[in-house]
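Student: Pasting a structure here, questions to come.
Laboratory data are not the source of any read-out in this text; all were calculated from the coordinates shown. Treat the numbers as computed from the prediction; the structure is a model and nothing was measured. Don't worry about glycine lacking a Cβ; one is built from the backbone with ideal geometry, like all the others, and counts go over all protein chains shown.
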Amino acid sequence: MEIRHHSHRSQRIRFGIGITAGVVLLLCASCVTNRSTKYLQNIREDFGKAQYEEYRLQPKDEILFQVFTTNEDAAKMFNTAGGATQTSNQFGGRRIYDDGTVDLPYIDHVKIAGMTTREAGQYLTEVLRPYISDDLFVKVELGKKMYYTIGETGSRNYEMYKDQMNIFEALAQSGDLNIEADRKKVKILRNTNGQDTIIEFDIRSKDIVDSELYYIQPGDVILVNRPKASFFKITSFSTFLSVVISSISFILLVINYTNN
């Protein structure tokens with residue numbers, strides 16, 4: 001009887017140890033590691049960087065323009081009519097129609113969609129040249145350079161504070177991704193030539209640096225979800241240790257109860 005009791009006790013202990021080991025392994029598999037959150041993994045020192053492509057104007061964009069010329073009367077006429085005063089630093093604003101054209105003061109339906117702001121400024125300079133014989137320069141800027149975030153970064157909109165703004169600067173401005181965000185499946189919704197496309201990528205990868213997604217574009221929507229298994233994720237060592245100790249204590253309690 002003593003031998004049988006000792007055998008049953010040993011089986012319970014082994015069973016308890018097995019359960020504990022299983023719990024520990026499960027927790028280890030659920031831990032958030034440096035590899036799962038680190039950016040630009042395995043990047044080379046001689047890595048190439050994506051070539052920046054200037055944003056091209058699209059229908060519904062708002063442009064800001066200002067006419068610079070030595071002809072004060074012409075400057076006053078075009079800049080005041082455009083929504084700005086002759087001496088202010090503000091630009092006159094115009095929205096690009098669905099057909100890609102924009103109305104200027106006294107000139108309607110000038111097509112500029114598909115151009116960069118630099119190209120549009122050069123083109124509008126030529127459009128206005130017949131009306132202004134003096135030195136002339138037209139400056140064009142994009143009215144609202146915004147990008148948007150949805151998901152684990154929060155649902156907000158942010159202003160692009162510079163033209164060549166990369167994905168990491170955009171995420172930093174939004175407060176970066178929280179530790180539970182799915183960095184493996186980040187998505188960007190981008191409108192190009194009137195067509196919406198969704199591009200999915202792993203932001204931890206070094207390959208992002210020389211891809212088309214390295215620089216964000218006005219109107220981009222950055223979507224970051226939480227992984228399906230994130231409920232089981234352990235986000236810190238102290239949490240992991242606390243769960244392990246609690247599991248062991250519970251199993252020892254069960255073994256002690258069965259012994260008694």
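Student: So what's the range 62-142 giving for Cα Rg divided by 2.2 N^0.38 Å, two decimals?
Tutor: Scaled against compact globular proteins, the figure is 0.99.
Student: Return the sequence-ordered ³J(HN,Hα) values of the range 180-193 in whole Hz as given by the Karplus equation 6.51 cos²θ - 1.76 cosθ + 1.60 applied to θ = phi - 60°, using x for Gly and Pro.
Tutor: With coefficients 6.51, -1.76 and 1.60, one gets 8, 5, 7, 6, 6, 9, 7, 10, 10, 9, 10, 9, 10, 6 Hz.
Student: On to the next question. Let me check against my output: what whole-number percent is the relative contact order of the range 62-142, with C-alpha pairs under 8 Å and at least 6 apart?
Tutor: Worked out over the range 62-142, it gives 37 percent.
Student: Under the Karplus relation 6.51 cos²θ - 1.76 cosθ + 1.60, θ = phi - 60°, what is the ordered set of whole-Hz ³J(HN,Hα) values for the range 102-109, x standing for Gly and Pro?
Tutor: Taking θ as phi minus 60°, the curve returns 9, 9, 9, x, 6, 9, 10, 6 Hz for the range 102-109.
Student: Let me ask you something else. For the ranges 67-75, 116-124, what's the packing order if you count other beta-carbon atoms within 10 Å of each residue, average per peptide, and put the highest first?
Tutor: Packing order, densest peptide first, comes out as 116-124, 67-75.
Student: Sort 168-176, 208-216 by the packing proxy (mean of other Cβ within 10 Å over each peptide's residues), most packed first.
Tutor: 208-216, 168-176
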